[in-house]
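Reading through the structure tokens given below for one structure.
The values are calculated or read from the model by the stated rules, or taken from the named source; none is laboratory data. On a predicted model such as this, the values are computed, not experimentally measured, just so you know. Cβ coordinates were reconstructed from backbone atoms using ideal geometry, including for glycine residues, and neighbour counts include every protein chain displayed. When the accessible area is computed, the model is the full protein with side chains, heavy atoms only, and any ligands, DNA or RNA have been set aside. Shrake-Rupley method; radii C 1.70, N 1.55, O 1.52, S 1.80 Å.
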Amino acid sequence: MRFHKIEFAVSCILAAVLSLAGVGASTGGVTVRVQALAATTPGGQKLPDGREYELVTPVENAPYVYVPFDDNGPYPGAAGLTTKRPVQASSDGSAIVYVADPTAGSAGSGSIGPGAGNEYLARRSATGEWTTANVQPAGVLNSFYAAFSTDLTTGVLQSNVPLAAGAPPASYAGLYYRKFADGKYETFFTGAPPNRTVGQFGAAGAGGEKKALWEFYAGASSDFARQFFAANASLTNDAVDGGTSVNNLYESSGNGLRLVNVLPDGSTEPNATFGSGLIDYADPPDVTHAISADGSRVFWTDLSTKTLYVREDATTTKQIDASQGTGSSGGGLYWTASSDGSKVFFTDCSRLTPDSTAVSSAGCGEVDSETGPTGNDLYEYEAPSGSLRDLTVDANASDSNGADVQGVVGTSEDGEYVYFVADGVLAAGATAEEPNLYLRHLGITTFVTTLASNELTEKGDIYGSGYFNDIQPNQGHRTAVVTSDGHSVAFMSDRSLTGYPNEGLYEVYVYDADAAKLSCASCDPAGVPPPLSGVPDELFDQTASFLPVSWSGVHQPRVISADGSRVFFDSIEPLVPQDTNGMLDAYEWEREGSGSCRTSGGCVYLLSAGTSLRYSYVLEASTSADDVFLVTSAQLLPQDTGEEFDVYDARVGASRPMAPSCIGTGCQGVPGAPPIFATPASVTFAGVGNFSPSTKGAVKVKPKKKTPKKKKKPKNKGSKKAHKRGKRKSGAAARTNENRGNRQ
């Protein structure tokens, strides 16, 4: 993979530019550009709501930007170079962290190639210029970001090279807190882990195998002052060393390092996880709101006894799944909580309340099961009072497994709206022994729709594995998202839920709780079925459109606006006449009466070019959805003359900045600074010569070989047959622009 020289241009007052960028001088080079604007796609479709494009990445197409698919993703010629490193936009849309090649000769690490890359922070200044900096530790090959604050002022990363005074010695996996404004690092813990050699220390995974520590970073308080992680070592005096195959749980803050997995009687035992679920890279634990916004409540599971606890104010521990009915305590499976941790939602097949109708069964608390859980009810625990409620009491005598709750899709931030999936008939319209999507609000359960029976146990190949679905416990792998107020939910299904002939392919749906209305966001507005031929990649033989996911277990991409009126997704099918390339493109759906849309049923808009010979992807939107970030190789602005991938912001109210002045040495950029601690030569970076060449995606590149994927078996209860998803077949009639009709 060749490297591209970045031409740096900064304003004559460098310090002021750095301040606007929110990036310290130690972060590497900074690029400042003037943005031309365009209000239409290259194909001619007008962008909705007065959006215009802003080019976020350098005009010179350097360094090379990676795209958010996994290593077994689409053909590299169409898709680009893939990564699993985190990508995240700030909540206000003024910044984004994306992944690209290392900056040649100035900053970053030698991490390069599929699944790798360097993290870059791009920030829009008050006058509209975008500044970009490599925020990877300079010269450190083995460093990985695990998370970022919502405003992207702070990051959490792991490094095998010490980056702060007192940090673990070289080759130990240390965790660090970094403020980008000054570039300084703070270590989560100090010194070498006791009783662990370099090769023994990390975090224990499913079955006891050791994983890299950063994979089990659990999250932080909203101000990022309290950080939480798991490690297979006794890092505090009260922690018990259980060996390399089990974890202790820790909080790192200004108060030092504190143990989380403390039992109600004050004793401590290792073998614990934040939230619940198996600790495994392919199916990480569920840590959705496992840490309350202020960090005062932390939810965790004792894996030895499968008991669910809450640790409050780092002083007391209470059991959440203690029986108040006829069933036995323990065995609850954590799903989520309200943002303040006052309400906790978990499933259990034990009758924990007097009115419970749960049906006890073997393995009812398993996350990763070939047949799916059986007999569970959904419970709500109120932390302040300790009270427990069964939200899914089943009055239908014909439901042999009771409510048979399969999982939670999501909740509102206050926990008042709860979306879940259950096979029992809990409201009118539901189908027995089928996965019904329900909404629980103000004590009332409302039926939303019935999903396909195999969607929850076998997701298919959308992302190259079977670990993605609408109720996946790991929030980064969940293909459904609920608005913060709970009034809307976007999700995926391969069943025709609104009458559109989807040919058994996955589409994106949106439910409006206020109107009790279900809409298909990604269905062709003209009602024409998806094309079953001419699709350039076998990856999409089961999928027409899909919601982006995250490779981070602590972040779910924002793909729906706060008010639920706009949803962003990727689609392989052409939904507007301007989409003529037969490739993956980025789209926006808008609810009728919102923004530019006045069409009954909502409007579909193309956000990417629709003419490029390579894929385009939605990355993430701001909370308001006024900013939506795309990665594409299409030239959406005149100054973008390259053919490689760039990050764009399709923005409402885009800036029209003045050209910055640039005088003398102020235009030269800022060189990256290496760590101040001595490090082994094997993990340091000394220039371009240390990098191994790799291949950039080009249209003529041959498809890479795909490794067979182990899929989960579909769930089969009794005589019920698992639904077979539709496959694209050769010879099917291709759709033309003429039969799509007019679009709003």
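Pick out the one residue from Tyr98, Tyr177 that is surrounded by fewer than 23 Cβ atoms within 10 Å (Cβ to Cβ) and either under 19 Å from Val554 (Cβ atoms) or in contact (Cβ under 8 Å) with a residue 40 or more places away in the chain (or both).
Values: Tyr98 fails: surrounded by fewer than 23 Cβ atoms within 10 Å (Cβ to Cβ).
From the options Tyr98, Tyr177, the qualifying one is Tyr177.
The strands (runs of 3 or more DSSP E) found entirely in the range 300-355 that carry 1 or more residues being more than 19 Å from Asp390 (Cβ to Cβ) are 307-312, 316-319. Among the residues here, Gly407 does not qualify as of a type outside the set (A, V, I, L, M, F, W, C), under 25 Å from Asp494 (Cα atoms) and open to solvent by 50 Å² or more (accessible area, probe 1.4 Å). For the range 141-183, how many residues meet the condition of being more than 21 Å from Gly117 (Cβ to Cβ) and either basic (Lys, Arg) or in contact with a helix residue (DSSP H, G or I) (Cβ under 6 Å, 6 or more places away or on another chain) (or both)? Within the range 141-183, residues that are more than 21 Å from Gly117 (Cβ to Cβ) and either basic (Lys, Arg) or in contact with a helix residue (DSSP H, G or I) (Cβ under 6 Å, 6 or more places away or on another chain) (or both) number 1. Cβ-Cβ distances below 6 Å connect the following pairs, each with a first residue in the range 487-504 that is closer than 24 Å to Thr411 by Cβ and at pLDDT 95 or above, a second residue that is of a type in the set (Asp, Glu) and surrounded by fewer than 20 Cβ atoms within 10 Å (Cβ to Cβ), and a separation of six or more residues or different chains: His487/Asp514; Ser488/Asp512. Checking each residue in the range 569-588 for being within 20 Å of the chain's Cα centre (by Cα) and closer than 20 Å to Tyr500 by Cα picks out Phe569, Asp570, Ser571, Tyr587, Glu588.
Scanning for something at pLDDT below 90, more than 21 Å from the chain's Cα centre (by Cα) and open to solvent by less than 10 Å² (accessible area, probe 1.4 Å), does the range 460-475 turn up at least one residue?
Pass one, the range 460-475, residues at pLDDT below 90: 460-475.
From what's left, more than 21 Å from the chain's Cα centre (by Cα): none.
No - not one qualifying residue is present in the range 460-475.
Looking only at residues in the range 623-636 that are in a loop (DSSP other than H, G, I, E, B) and under 20 Å from Gly564 (Cα atoms), the one that is least open to solvent (accessible area, probe 1.4 Å) is Ala625.
Among the residues of the range 417-443, those identified as under 15 Å from Asp394 (Cβ atoms) and either open to solvent by 10 Å² or more (accessible area, probe 1.4 Å) or of a type in the set (Val, Ile, Thr) (or both) are Val421, Val425, Leu426, Ala427, Ala428, Ala430, Thr431, Ala432, Glu433, Glu434, Arg440.
When the strands (runs of 3 or more DSSP E) confined to the range 517-622 are screened for residues that are open to solvent by less than 10 Å² (accessible area, probe 1.4 Å) and among the polar types (S, T, N, Q), those reaching at least 1 such residues are found at 566-571.
Tell me, yes or no, whether the range 116-136 has at least one residue that is hydroxyl-bearing (Ser, Thr, Tyr), touching a Gly at 6+ places or on another chain (Cβ under 6 Å) and not in a helix (DSSP H, G or I).
Narrowing the range 116-136 to residues hydroxyl-bearing (Ser, Thr, Tyr): 120, 125, 127, 131-132.
Then drop every residue that is not touching a Gly at 6+ places or on another chain (Cβ under 6 Å), which leaves none.
Within the range 116-136, none of the residues are hydroxyl-bearing (Ser, Thr, Tyr), touching a Gly at 6+ places or on another chain (Cβ under 6 Å) and not in a helix (DSSP H, G or I).
Here is a check on your reading of the model: is Ala147 out of contact with any Lys or Arg (no Cβ under 7 Å at 6 or more places or on another chain), surrounded by fewer than 24 Cβ atoms within 10 Å (Cβ to Cβ) and not in a loop (DSSP other than H, G, I, E, B)?
Numbers: out of contact with any Lys or Arg (no Cβ under 7 Å at 6 or more places or on another chain): yes; surrounded by fewer than 24 Cβ atoms within 10 Å (Cβ to Cβ): yes; not in a loop (DSSP other than H, G, I, E, B): yes.
When the stated conditions are applied, Ala147 passes them.
Suppose we keep only residues that are within 26 Å of the chain's Cα centre (by Cα) and more than 25 Å from Ala654 (Cβ to Cβ) within the range 150-166. Which one would you say is surrounded by the most Cβ atoms within 10 Å (Cβ to Cβ)? Filtering the range 150-166 for residues that are within 26 Å of the chain's Cα centre (by Cα) and more than 25 Å from Ala654 (Cβ to Cβ), the one surrounded by the most Cβ atoms within 10 Å (Cβ to Cβ) comes out as Ser159. For Arg196, the test of being closer than 30 Å to Phe629 by Cα and basic (Lys, Arg) is failed. Meeting the requirement of 1 or more residues that are in contact with a strand residue (DSSP E or B) (Cβ under 8 Å, 6 or more places away or on another chain) and open to solvent by 40 Å² or more (accessible area, probe 1.4 Å), the strands (runs of 3 or more DSSP E) wholly within the range 188-283 are 256-259.
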